[in-house]
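Each value in this text was obtained by applying a stated rule to the coordinates, not by laboratory testing. Computed from a prediction, not measured in an experiment: that's the story for all the values here. Counting neighbours? That spans all protein chains shown, and the Cβs are built from the backbone with ideal geometry, glycine included.
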Amino acid sequence: MGEIILTEKRNPDTVNIDLLSSKEIVQLINNEDLKVALAVQKELDSISKAVDLITENFLKGGNLLYFGAGTSGRLGILDASECPPTFNAMPEMVRGYIAGGDTAIKNAVEGAEDSFEDGESDLIKSGAGINDVIVGISASGNAPYVIGVLKKAKELEISTIGIACNKKAKLQADIFISPEVGEEAITGSTRMKAGTAQKMVLNMLSTASMIKIGKTYENFMIDVKPTNIKLKDRAARIVSEIAEVDYEKAKETLINADYNVKAAVLMLKADMDYEEALEILKKNNGRLRETLKGLT
């Protein structure tokens with residue numbers, strides 16, 4: 001028998017977990033979860049390099065594409081689906097793909113992760129191009145599907161990032177991010193610590209890249225898409241604070257600005273109309289901070 005993959009090893013600290021009380025079980029799981037952020041912290045240099053790569057390609061009009069199998073694929077789809085409402089990004093800008101297709105989002109598709117050829121095929125079907133960035137996600141880093149995706153991307157000279165919780169992973173990418181979280185509380189259940197680590201990394205990749213291309217002002221989500229009452233309220237509060245006006249004034253201006261937060265801020269701070277605000281934002285590539293700086 002060959003060497004056991006790290007993500008499949010047995011955790012000596014949780015061997016008798018089935019004999020414990022509910023409180024003791026969740027305490028053990030929490031003890032393991034505490035290790036995740038520290039494992040991710042050790043990978044910050046690689047994560048920041050990945051952010052720079054994604055940002056550079058975003059500014060060229062490229063997109064960010066996640067590919068994974070099982071939990072890893074679902075996490076990529078989750079992160080991608082949150083980018084349009086959070087940053088008002090176009091749906092194609094950040095996309096997630098999973099081995100086995102859409103059926104695998106809710107149901108396990110047996111053997112899907114084992115097909116190298118399906119990975120190659122899905123990469124081609126995605127329409128990925130030279131200015132895109134491909135992120136292959138696999139807890140072990142050995143899923144043939146993900147390896148196939150990354151290999152085909154490399155052949156097409158598309159930039160690649162690999163995420164795995166195993167430094168001995170077989171996948172190969174231009175940038176390798178490997179938060180090793182150790183053995184899972186339940187042997188091989190990589191939806192736990194490994195999944196949490198992958199989610200944290202994906203949060204960093206998409207959020208930091210959006211920040212770098214001007215999707216925030218300070219730490220405000222100024223490109224938020226107000227699609228419900230909560231988000232409309234948040235947008236009004238953001239405008240109120242940046243423009244230094246009361247909530248009702250901010251809300252009224254926001255409505256007149258078709259709920260465009262950046263335009264509403266400029267209308268209030270620079271005493272301009274909606275069309276003027278849109279025009280000056282366009283000249284500054286949509287960056288509110290630079291636009292406001294140019295007005296002073």
Beta bridge orientation in the range 6-212: antiparallel %, DSSP, nearest 5: 0
Average Cα contact separation per residue, the range 136-285, under 8 Å, 6 or more apart, as relative contact order %: 12
Between 0 and 90°, nearest 10: helix 144-155 axis offset from the chain longest Cα axis: 60
Likely footprinting exposure, Glu244, Glu183, Glu56, fewest C-beta neighbours within 10 Å first: Glu244, Glu56, Glu183
Option label - Cα extents along the principal axes in Å computed here, alternatives (1) 73, 51, 35; (2) 71, 69, 31; (3) 72, 39, 26: (1)
Per-pair calculated FRET efficiency, R0 = 25 Å: Arg237 and Arg289 via Cβ, rounded to 0.05: 0.85
Amide proton proximity set for Phe176, modelled H, under 5 Å, gap of 5+: Gly162
Pairwise FRET efficiency - Lys35 versus Tyr274, Cβ, R0 = 51 Å, nearest 0.05: 0.50
Amide H within-cut-off set for Arg95, under 5 Å, with H built and near neighbours excluded: Leu64, Leu65, Tyr66
Sequence of Ile229, Ile222, Ile175, Ile25 once ranked by neighbouring C-beta atoms within 10 Å, starting from the fewest: Ile229, Ile25, Ile175, Ile222
Farthest toward positive dipole pole in the chain [+1 Lys/Arg, -1 Asp/Glu at C-beta], among Ala264, Val26, Ser81: Ala264
Over the chain, relative contact order from alpha-carbon pairs under 8 Å, at least 6 apart, %: 19
Between 0 and 90°, nearest 10: helix 229-243 axis offset from the chain longest Cα axis: 60
Full-stretch length increase - Met90, Glu252 - with 0.36 nm per residue and alpha-carbon distance subtracted: 55.7 nm
Potential extension, Ile17-Lys230 segment - 0.36 nm per residue separation minus Cα distance: 72.6 nm
Fluctuation leader among Gly96, Gly182, Gly111 - the chain, Gaussian network, Cα springs under 10 angstrom: Gly111
Neighbour-count ranking [beta-carbon atoms within 10 angstrom, fewest first] of Phe87, Phe67, Phe116: Phe116, Phe87, Phe67
Extended-chain gain in nm, criterion 0.36 nm per residue less alpha-carbon gap, Glu117 and Asp45: 22.7 nm
Magnitude of the charge dipole, the chain, Cβ model with Lys/Arg +1 and Asp/Glu -1, debye to 20: 300
Flagged links, alpha-carbon separation over 22 Å, of Lys167/Lys193; Lys212/Lys293; Lys154/Lys199; Lys230/Lys262; Lys23/Lys199; Lys215/Lys262: Lys154/Lys199; Lys23/Lys199
Karplus-derived 3J(HN,Hα), 6.51/-1.76/1.60, for each residue of the range 65-80, Hz, glycine and proline x: 10, 9, 10, x, 10, x, 3, 4, x, 5, 5, x, 5, 4, 5, 5
In order through the range 262-273: 3J(HN,Hα) via Karplus (6.51 cos²θ - 1.76 cosθ + 1.60), integer Hz, x for Gly, Pro: 5, 5, 4, 4, 5, 4, 7, 7, 10, 6, 10, 8
Förster radius 51 Å - calculated FRET efficiency between Arg10 and Ile124 (Cβ-Cβ, nearest 0.05): 0.85
Angle in degrees between helix 193-212 and the longest Cα principal axis of the chain, rounded to the nearest 10: 30
Distance from the range 221-264 to the range 19-47 (C-alpha centre basis), Å: 38
Phi to ³J(HN,Hα) by Karplus 6.51 cos²θ - 1.76 cosθ + 1.60 over the range 286-296, Hz, x for Gly, Pro: x, 8, 5, 4, 5, 5, 5, 4, x, 8, 8
Cα-based reach from Lys42 at 14 Å (exclusive), listing aspartates and glutamates while leaving out same-chain residues under 8 positions away: Glu180
For the chain, built as a Gaussian network whose Cα springs stay under 10 Å, the top-fluctuating residue of Arg237, Arg95, Arg74: Arg237
